[in-house]
Structure formats: structure tokens, C-alpha cells
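J.: Before we start, here is the structure in question, set down as C-alpha cells.
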Amino acid sequence: MPQGYPAVCMGAGSDCVTRQIENPSTVRIGRCDGDDVVIERISEAFAEEDVSSGTVWTASTDLELPYDSGITVIGVSDGDDQTAALRFPNLPIPTGSLIQSAAIQFQCDEISYGTLQLRVTAEGRTFPFSFGENPFNISMRDTTVSSVIWEPLDWDNAGDIGAPQRTIDLKQIVQEVVSMPSWDASAPIVFLITRAGPRNNATSTRVAESGVDWGSSKPSLQISYKPGLVYRQELMVEQFAEERLVDGSTSCASNDLELSNDSGWAPESGEQVVAMRFAGVKLPEATTIHFAYIQFTANERGDAPVTLRIGIERTTEPARFCVPTTQPISRRSRTSVEQLWSPGPWWYYGESGVRQRTPDLSTLLQSLPRSITGAQDIVFLIDRANITTTTTGNSTGANTGTRSATTQDSWAPRLVMFYSYNGSDILFCVVRYVIYFLRSFLIVLRFLLECSLTGIIYQSDLTRSSFSSSPSPSVQTASPTHSPSETSSVSASASSSPSPAPKKEHSKPKSAAVAIGVTLTLVAFVIAGLFCCIRYRRRNAFSLRSTVVAKEID
């Protein structure tokens with residue numbers, strides 16, 4: 001297959017159709033792998049930013065991941081960590097594609113070894129800004145909620161391009177970006193790589209070629225995807241509540257949600273559990289949730305450290321809040337799966353970005369019991385993780401911060417999910433289609449038989465009625481009131497007159513019944529197909545048109 005052409009598979013093996021991309025020079029290979037589309041992009045730009053000073057370099061001959069011994073800190077050349085950024089342009093990935101795998105391939109520039117953990121994320125925008133040399137140009141960017149920890153093996157030989165120089169799977173990061181509402185097939189992706197956790201004077205690093213000296217040594221991004229299999233659902237919170245732990249007091253009418261200490265409780269502040277209900281979430285069995293999160297909007301500033309615990313109520317029909325007969329929020333049964341969240345600082349009112357998004361909640365949602373109707377209410381429960389409180393209900397220890405989210409109008413919390421349905425769901429649809437068609441056909445066949453029998457009975461009754469009502473020939477001949485000439489005239493008139501009309505008139509219902517039956521058969525066929533393969537899919541597998549809120553969220 002010619003280089004510079006990404007392959008679009010229409011079948012398995014070599015049954016492929018190819019199309020040329022806008023800039024073939026940036027693509028190294030394109031190949032067909034079963035039903036997957038596999039592309040490889042070469043980085044068009046890179047940058048390195050010193051984590052201490054914010055100084056940015058965009059023309060280095062190598063990429064230090066993340067420690068650079070040549071960085072001068074406060075006049076001393078003792079080295080420092082840095083954040084590396086890579087930009088891959090014009091990714092021809094259609095909206096709604098399911099990412100199968102993704103990885104960045106580096107080429108070793110220097111022998112480097114030692115235990116190392118690197119965090120890989122992407123910029124949380126579909127059209128990221130270009131790199132500039134103004135301070136903190138890289139670290140100030142919003143990043144995706146998804147991230148991975150890469151522990152690279154030792155790089156033993158300069159020039160090596162192999163598994164040790166390849167990142168772990170980045171498909172969750174790429175999936176989050178290409179599932180954004182504003183994603184376009186010509187959009188780029190920017191990846192950010194930095195040390196995972198504090199440096200603690202560590203000097204371990206990996207040194208990769210940047211491609212400045214040799215263009216062929218530039219890092220490359222390899223992605224495999226299936227087109228058109230991922231859908232997006234977004235729902236605004238339908239009901240919320242806050243319950244104070246010290247006395248069980250519950251509020252369902254606040255204009256903000258305190259996560260998880262509310263200073264407004266009288267007579268003093270106290271820890272609380274926050275509950276949020278999202279109504280009508282379509283979550284059938286035959287679906288896989290690839291990524292999900294709750295997006296908040298800041299109501300006020302909060303920057304103290306805090307770690308929150310996110311759970312989900314374990315039922316398909318959760319009770320409503322603030323009803324006297326319902327169970328308190330803090331006593332509701334949760335699923336065994338929980339998610340910890342340590343949000344960064346919330347700086348100002350109205351801020352709604354990556355820092356206000358929860359981590360990935362797909363595992364949490366996947367553990368939830370499913371309703372047989374395919375649509376259900378879901379209740380999320382959020383409180384402080386590993387909480388220890390005083391007698392007044394306030395938290396103690398280092399985990400004492402809080403975050404305040406608004407509940408006003410369009411800024412209220414919203415649940416965003418990315419999902420696909422399994423192959424078994426499609427097979428189930430086909431089986432349902434056949435069953436519904438056969439059942440509809442039998443109903444129509446029964447209708448035809450009834451109409452036909454009814455027409456035959458009517459016609460038989462009419463025939464018997466006409467014979468029984470016509471005068472007997474012997475009686476007419478014996479009539480004394482007519483002369484022979486009059487009798488012949490009457491006979492001639494009778495023979496020249498048309499045959500009785502009732503038989504012809506009653507043949508119309510039979511023809512109409514046949515026409516109606518044929519029409520209903522075709523209609524039944526169409527309705528069965530629409531009901532099973534469209535309505536079922538939309539209703540039980542998250543119709544994009546019925547559930548997506550057309551709003552840019554990044």
C-alpha cells in the first residue's frame with residue numbers, strides 16, 4: 001500500500017478502500033487491519049518547559065523525559081524537571097470512532113536508565129494552541145481528565161526504536177479528545193509528558209530524538225480505531241440534596257453544592273454528603289461505557305487540598321430526596337466500586353474546565369445494576385474520603401478543603417458519557433426483527449383469511465337469496481293475465497335486460513380486502529424493521545439525537 005494514505009477498511013484482510021489525506025507528508029504508514037483503520041502521524045512540533053521557571057524551548061535537538069541536567073536553576077546548572085509537549089496534526093479520525101489502541105513511538109537519543117514514572121495526558125481542547133516561548137505556555141493548558149502512568153524500560157542503545165521506547169496504551173486519552181462535541185477530522189492532538197508525582201531530587205530520565213537533526217527520527221503517534229461506533233450522552237442534574245452528617249439535616253433547595261463541608265449550616269459548619277440524581281439515563285445491558293465524568297461549575301474559590309469519594313446508589317429505582325418516607329442519603333446502599341477525586345484549585349466563580357471535572361466514572365457506572373427498560377435514574381453520592389470528624393461534624397486532619405459548585409440553570413452539574421453497544425446487541429436486534437416480522441405476517445395472514453371467508457359467505461348468501469326471491473318459471477307460464485304476445489314480449493325484455501347486479505357489487509369487498517392485505521403486509525414488514533433496528537437502538541442504546549445536549553463543554 002502506498003505510503004501517505006490512511007486505509008479505511010470496508011472488510012477484512014486486504015478488502016480495503018483508501019483515500020488520500022490533506023497532507024500526506026506527515027503520515028509514515030497506513031494499513032488495513034481487519035475492520036480497524038490504522039494510521040501513524042509524525043509530530044509537527046514539540047516544546048519543553050522548565051517546571052520551576054516556566055521557560056519554554058521549541059528547538060532542542062532532543063527531548064528529556066522529564067529531567068534535563070542542562071537546565072540552570074537560580075544561577076546554578078544543577079538540572080531540573082520539565083514538561084514535554086508533542087503536537088500531532090490533522091488526525092483523520094471521524095467523529096464517533098471507537099479507539100482500539102494508541103501509542104507514541106520515540107527513538108532513543110542517549111543511553112538512559114533507572115526507575116521512572118511518567119504521566120501522559122493530552123490538552124483538553126480539540127484545536128489546541130500552537131507552542132510559544134512565553135513562560136508557562138505549556139503547563140497552563142487545560143488537560144484531559146484521562147491520564148496514564150508510563151514506566152519505561154531502560155534505553156540501552158542510541159538509535160533504538162522498539163518496545164522500550166513506546167508508551168503504554170493511550171486509547172482512553174485519545175478517546176476523550178475525539179469524543180468532544182467540537183472534534184473534527186482535521187484537528188490535532190497535543191500530548192503532555194511530565195514526571196508522575198514529586199521529583200524528590202530524582203535524576204532518572206529518558207532522552208529521545210526530537211527530529212530537529214534528522215526528520216525521520218521524530219516521534220510518531222500510532223492509532224487504531226473503528227469508525228462510527230461511539231456515542232455521547234449528556235444530562236443535566238434533575239435533583240440534588242445535601243445531608244449534614246452530625247444530625248441528618250437535609251437540604252434540597254440550595255443554590256450551591258459544598259463538597260463536602262458547608263459553612264452555612266447553623267449554628268456552625270459541618271461535613272455533609274451530597275447526592276445528585278440524573279433522570280432517564282439510558283443504560284441497557286448490551287452497552288460498554290468507555291468514559292464518563294460529571295462536570296461542575298465553580299461557585300466560589302477553593303484551593304485547600306481535598307480528596308473526595310464518589311459512589312453510586314446500588315439500585316435501578318432510587319428513591320427521591322427530601323421525602324419523609326425515604327431513607328437518609330448517608331444510609332443508602334452503594335455499589336462496591338468507588339472513585340477518589342482530588343480536584344485542583346477552583347479559582348473563580350463560573351470556572352468550568354478540567355479542574356471541575358471528576359475522574360473517569362465508567363467503571364463506577366459499569367458496576368451499576370441495569371433496568372430491564374433500558375432507562376433508569378442514577379444517584380451519585382459524594383463525601384470526603386477517609387473522613388474523621390469532631391463532635392460538631394467538622395473534619396480534622398490534612399484533608400479539610402472543600403469545593404463549592406453552583407446549581408444555577410445551565411451551570412448545574414451534568415453527566416457526560418461515551419459508550420458503544422456490543423455485537424450481541426446487534427444480533428439481538430436481528431432476532432427481534434425476524435420475530436416481529438413473522439408475528440406481523442401471521443396477523444395479516446389471519447386478517448386476509450377472515451376477509452376472504454367473509455366475502456365468500458356474503459356472496460354465497462347473496463346467491464341463495466337471489467334464487468329464492470326469483471319467480472318460478474312454471475308460475476310465469478301459467479299466469480292467466482298475459483296473452484301469448486305479452487308473454488313473449490316480457491320474456492324478450494327479461495332476456496335482453498342485464499344480469500342481476502348484486503353478485504358484481506359484492507365482489508368488490510373481496511378485491512379490496514386482498515389489496516388492503518397486501519398493503520398491510522408491506523407496512524408490517526417496514527414497521528417491524530423500524531421498530532427493532534431503529535427504535536430499539538435509539539431507545540435502549542442511547543440515541544444521540546434524543547440525549548445529547550448541543551453544548552460545547554471544553
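The values are calculated or read from the model by the stated rules, or taken from the named source; none is laboratory data. Keep in mind the model is a prediction, meaning the values are calculated, not measured. Neighbour counts run over all protein chains shown; Cβ positions are idealised from the backbone, glycine included. The accessibility values were calculated without ligands, DNA or RNA, using every heavy atom of the protein model including side chains. Shrake-Rupley method; radii C 1.70, N 1.55, O 1.52, S 1.80 Å.
J.: Only residues that are aromatic (Phe, Trp, Tyr) and surrounded by 15 or more Cβ atoms within 10 Å (Cβ to Cβ): list them for the range 312-347, please. Steps first, please.
T.: Of the residues in the range 312-347, the ones aromatic (Phe, Trp, Tyr) are 321, 341, 346-347.
Residues satisfying the conditions are 321, 341, 346.
J.: Condition first: open to solvent by less than 10 Å² (accessible area, probe 1.4 Å), touching a helix residue (DSSP H, G or I) at 6+ places or on another chain (Cβ under 8 Å) and assigned to a strand (DSSP E or B). Now tell me which residues in the range 290-304 satisfy that.
T.: 291, 292, 295, 298
J.: The conditions are (1) assigned to a loop (DSSP other than H, G, I, E, B); (2) loosely packed, with under 15 Cβ neighbours inside 10 Å; (3) at negative phi; (4) not acidic (Asp, Glu), and residue 149 fails exactly one of them. Which is it?
T.: Single failed check for residue 149: (1).
J.: Okay, moving on. Of the conditions (1) closer than 30 Å to residue 52 by Cα; (2) in contact (Cβ under 8 Å) with a residue 40 or more places away in the chain, residue 222 clears all except one; give me its number.
T.: (1)
J.: Could I ask something else about it? So which strands (runs of 3 or more DSSP E) are wholly in the range 160-230 and hold at least 2 residues that are closer than 18 Å to residue 83 by Cα and in contact with a Pro (Cβ under 9 Å, 6 or more places away or on another chain)? Please lay out each step first, then the result.
T.: Details: elements: 189-195, 206-209, 220-226.
It comes to 189-195, 206-209.
J.: While we're here: Among the candidates 173, 161, which residue alone is farther than 14 Å from residue 116 by Cβ and open to solvent by less than 70 Å² (accessible area, probe 1.4 Å)?
T.: On the way: 161 fails: open to solvent by less than 70 Å² (accessible area, probe 1.4 Å).
So the residue among 173, 161 that is farther than 14 Å from residue 116 by Cβ and open to solvent by less than 70 Å² (accessible area, probe 1.4 Å) is 173.
J.: Same structure again: Look through the range 106-125, keep the residues that are more than 28 Å from the chain's Cα centre (by Cα) and of a type in the set (S, T, N, Q), and return whichever of them is surrounded by the fewest Cβ atoms within 10 Å (Cβ to Cβ).
T.: The qualifying residue surrounded by the fewest Cβ atoms within 10 Å (Cβ to Cβ) is 115.
J.: Of the numbered conditions (1) in contact with a strand residue (DSSP E or B) (Cβ under 6 Å, 6 or more places away or on another chain); (2) open to solvent by 20 Å² or more (accessible area, probe 1.4 Å); (3) among the small types (Gly, Ala, Ser), residue 224 fails exactly one; give the number of that condition.
T.: (2)
J.: How many residues are modelled with pLDDT of 90 or more and of a type in the set (S, T, N, Q) if we restrict to the range 104-133?
T.: Going through the range 104-133 one residue at a time, the tally reaches 4.
J.: Are any residues in the range 330-344 without any contact (Cβ under 8 Å) to a residue 60 or more places away in the chain and more than 19 Å from residue 363 (Cβ to Cβ), and if so, which ones? Before the answer, list the steps.
T.: Looking only at the range 330-344, we keep the residues that are without any contact (Cβ under 8 Å) to a residue 60 or more places away in the chain, and these are 331-342, 344.
Hits for the range 330-344 are 331, 332, 344.
J.: Hey, another quick one. Inspect all residues belonging to the range 406-419 and state whether any of them is more than 29 Å from the chain's Cα centre (by Cα), within 19 Å of residue 285 (Cβ to Cβ) and either modelled with pLDDT under 90 or open to solvent by 70 Å² or more (accessible area, probe 1.4 Å) (or both).
T.: Filtering the range 406-419 down to residues more than 29 Å from the chain's Cα centre (by Cα) leaves none.
No: zero hits.
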